[in-house]
Amino acid sequence: MNIELTYGIWIAAFSAAMLGIGIYASRKVKNTADFMVAGRGLPYWLATPVLFATWLGGGMILGGSGAAFDYGFWSTDDEGGAWGAISDPYGAGLCLILAGLFYMPVLRRMGGLTLSDFFSSRFSKTTAMIVSIFIIISFVFWTAVQVIAFGKIFESMVGVDYLTGIIISLVVMVTFTVLGGLWAVSYTDFWQTFIIVAGVVILLPFAISAAGGWDNVTSHAPEKYFSFLPKETNIASYLPWIGAWMIIGLGSICTPDLAQRAMASKDARTARWSAVSAGLLYWIIGTIPVVLGIIGFAAINSGVLAENSINGDPELIIPAMVKAYMPTAIGVIFTLGMIAGIMSAADAALLSVSSIFAKNIFKDYLRPESGDRTVLKVTRISIVVVTVIALFIGVVYPNVYLLMLFSFDIILASLFVPLTLGIWWKKANTAGALAGMTAGAAFRIIAPVIMEHESFAEDPFVTVTYPCTWYYYTVFAPLICLAVMVGVSLLTQKNCPPEPLILDAEEKKERTA
């Protein structure tokens, strides 16, 4: 049987299974809370794999290995730019651990449905609406990352053209998400976790062996690829390294999918330790695609793998190695693992963004009189709309890693500080939060245009996202947000008194018991 046909048959069977789970999960959806936060009933054994599978998506598997192919763990290029795989998986794993220890228990105790509910309660509905707009714009990019990954997997593994592969995958994913909401996402993520882990673990020894052994890998990849720290010990060398940790390590703490899983956990303790466990697992498993990217570089550099197998796109190195090195049966497992990871991240993004629009913009701001059934209907419609927008972005700009990181970078610049101070600083108020958010986001987007105006004329998108000196904008944007928010909050205490952080009454009793 043709190898691409074999892959196609197994992918079709996998998709049918996902749809079946969606239909089953739809029976548990009785109201908006069931759909958005799984009735607040996720136990530890389910919440942990859900968080892990959500994080290990197409951005990590394809984008992380592609970044490692170009830079290894961390290195500089000929133009003085610094890049690598620090942001994901290492910054992303750090995010889960920090969120579990310091943020998720608080969000669970508040008893909301979305991240924007925190900003509405702690600051104001206007703040929540602006936060919602920031999140929706950023997470449309994040969803587009998964769209791109779908297309690349189908094109490289099944032989289906890029756009057709995207459409097929999205139809399946949108269908089971619309049917079952977070219950469907959680059940599918649980099984997808095992497939993802099996896929990457199985590929590693095959890739090392086919590349001529580890000694051959180290001799045909640059020495700097294996360095986790900057070679120089000065501030200039460490600034981009710190920025790489911050992009997802801090920026992703205030993302809607993470907050949604906190609110879906059965209690605050589950929210805390499921995130910490998922973060530790992510560090371990997430390292494998990075190593595979370096192995792929060495294999091409030594002539073991044909250079044209990736068609000039480093993000195709893992699919190329799967087809070249692995027996068909094992290759199928890995391919399903990649698709599972992409679906896990994509359905989480779709659900969280759509929930925020329906709850915090439609219900809280535009139509306060809307009932539960109307909000549920709007959420489902929004899933489809967000998918279409992400599809357009994915076709126009098919670069996974940069697109993924920029979506978190914007959230880091605008929302990390207001969320943190909103939890831990009693004097934080609405005026300070709005001023800080605006200043941080404006600096991150506008400063590169001003400072890199010559390159902006040639390539506007890359200039705004990650020019050669990207780390200045990444590191200083949240610091500007912090300075502005603290300053404005202190100056407006009388005119704009801070709202207290109110916990759910039942959880408050549990906390003081």
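At a glance:
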{"item": "Qualifying positions in segment 246-287 - of a type in the set (Val, Ile, Thr), under 25 Å from Thr474 (Cβ atoms) and assigned to a helix (DSSP H, G or I)", "result": "Ile247, Ile248, Ile253, Thr287"}
{"item": "Subset of segment 130-143 (residues that are modelled with pLDDT of 90 or more and farther than 18 Å from Met485 by Cα)", "result": "Ser132"}
{"item": "Flag if Ile166 is modelled with pLDDT of 90 or more, part of a helix (DSSP H, G or I) and of a type outside the set (Gly, Ala, Ser)", "result": "no"}
{"item": "Number of positions in segment 137-175 that are among the charged types (D, E, K, R) and touching a Leu at 6+ places or on another chain (Cβ under 8 Å)", "result": "1"}
{"item": "Residue in segment 209-228 that is farthest from the chain's Cα centre (by Cα), counting only those that are assigned to a helix (DSSP H, G or I) and over 10 Å from Ala298 (Cβ atoms)", "result": "Asp215"}
{"item": "First in segment 197-217 and without any contact (Cβ under 8 Å) to a residue 60 or more places away in the chain, second anywhere and in a helix (DSSP H, G or I), Cβ under 6 Å, 6 or more apart", "result": "Trp214/Ile208"}
{"item": "Verdict on Arg122 being in contact with a strand residue (DSSP E or B) (Cβ under 8 Å, 6 or more places away or on another chain), of a type outside the set (Ser, Thr, Tyr) and more than 30 Å from Asn311 (Cα to Cα)", "result": "no"}
{"item": "Sole residue being farther than 30 Å from Gly371 by Cβ and among the aromatic types (Phe, Trp, Tyr), chosen from Tyr90, Tyr24", "result": "Tyr90"}
{"item": "Single match in Ser87, Ser65, Ser26 (criterion: of a type in the set (S, T, N, Q), assigned to a helix (DSSP H, G or I), within 23 Å of the chain's Cα centre (by Cα) and more than 26 Å from Ile133 (Cβ to Cβ))", "result": "Ser65"}
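Residue-wise test of (1) buried (at least 24 other Cβ atoms within 10 Å of the Cβ); (2) touching a residue at least 24 places away in the same chain (Cβ under 8 Å); (3) not in a helix (DSSP H, G or I).
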| position | (1), (2), (3) |
| --- | --- |
| Val291 | no, yes, no |
| Ile300 | no, no, no |
| Ile342 | yes, yes, no |
| Ala358 | yes, yes, no |
| Ser370 | no, no, yes |
| Lys377 | no, no, no |
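Each row is one residue, and each column tells you yes or no for (1) buried (at least 24 other Cβ atoms within 10 Å of the Cβ); (2) under 24 Å from Thr379 (Cβ atoms).
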position: Phe69; (1), (2): yes, no
position: Ser75; (1), (2): no, no
position: Ala85; (1), (2): yes, no
position: Met104; (1), (2): yes, yes
position: Leu115; (1), (2): yes, yes
position: Val140; (1), (2): no, yes
position: Val147; (1), (2): yes, yes
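The values are calculated or read from the model by the stated rules, or taken from the named source; none is laboratory data. The structure displayed is predicted, hence computed values, not measured ones. No Cβ is skipped: glycine too gets one built from the backbone with ideal geometry, and neighbour counts run over all protein chains shown.
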